[in-house]
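Before any comments, here is the structure.
The values are calculated or read from the model by the stated rules, or taken from the named source; none is laboratory data. Only a predicted model underlies this, so the values are computations on that prediction, with no experimental measurement involved. Note that each Cβ is placed from the backbone with ideal geometry, even for glycine, and that neighbours are counted across all protein chains shown. Ligands, DNA and RNA are stripped out before the accessible areas are found, and what is left, the full protein with its side chains, is counted by its heavy atoms. Shrake-Rupley method; radii C 1.70, N 1.55, O 1.52, S 1.80 Å.
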Amino acid sequence: MPATEPAKVMKDIQPLCFEHHAEMRREQLASHREKVVYSCQEPECHIHYCGSDGYFFNPAGEDLIDQYGIPRLHCAQDGSPLYLLEVQPENHSFRLWRCPKCNMSRVSGMVH
Ligand SMILES: [Zn+2]
Ligand SMILES: [Zn+2]
């Protein structure tokens, strides 16, 4: 294990944008200087994810929040905001969520 690895940084996760289901990339944000933030690469997409804050918009916009509705699922064990890990093209309502801390998974959207 490299000694230069900051203890604060969580292991790599691969969140998906909850709107586009696209892989998000690590990004450095001035407003989240100490944190690892992921952002959607789709043009015009403001959706970001942070392991401690969950999904958020940057820049923030009330109209965006109304438009999309940010998923607010939390881990039952440690309260961490879950990120979207997997969707299934053949099952549109299926969502697999994962906790960035303890790796617990949760499935949602099976029932309408
Ligand atoms: Zn997006
Ligand atoms: Zn957890």
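For segment 24-108, the fraction of 1.4 Å probe accessible surface lying on carbon and sulfur atoms is 46 percent. Charged neighbours of residue 17, selected by a Cβ distance under 11 Å, balance to -2 (K, R count +1; D, E count -1). Report summary: the helix-based calculation at 222 nm, which adds -39500 (n - 2.57) for every DSSP H run with n ≥ 4 and divides by the residues of the chain, gives -1500 deg cm²/dmol. Could you compute the net charge surrounding residue 106? Neighbours are other residues with a C-beta less than 14 Å from the C-beta of residue 106; K and R count +1, D and E count -1. Within the 14 Å Cβ shell, the charges total +2.
Please work out whether segment 24-108 counts as rounded, prolate or oblate from its C-alpha gyration tensor, where a ≥ b ≥ c are the square roots of the eigenvalues and a/c under 1.5 means rounded, while otherwise a/b larger than b/c means prolate and anything else oblate? List each step's numbers first, then the result.
Details: a/c = 1.69, a/b = 1.20, b/c = 1.41.
Taking the square roots of the gyration eigenvalues as a ≥ b ≥ c, segment 24-108 is oblate.
So how do 95, 106, 26, 33 rank on accessible area, 1.4 Å probe, biggest first, that is with the largest at the start? Walk me through the intermediate numbers first.
On the way: 95 55, 106 85, 26 125, 33 170 Å².
The ranking, largest first, comes out as 33, 26, 106, 95.
Among the cysteines of the chain, 50, 102 have no other cysteine beta carbon within less than 4.7 Å of their own. Using a probe of 1.4 Å on the protein chains alone, the accessible area found for residue 68 is around 80 Å². Using a probe of 1.4 Å, the accessible surface attributed to residue 64 totals some 30 Å² when neighbouring protein chains are kept in position.
Charges were assigned to the Cβ only: +1 to each Lys and Arg, -1 to each Asp and Glu. The resulting dipole of segment 24-108 about its Cα centre is roughly 440 debye. With all protein chains kept in place, the per residue accessible area of segment 24-108 amounts to 58 square angstrom at a probe of 1.4 angstrom.
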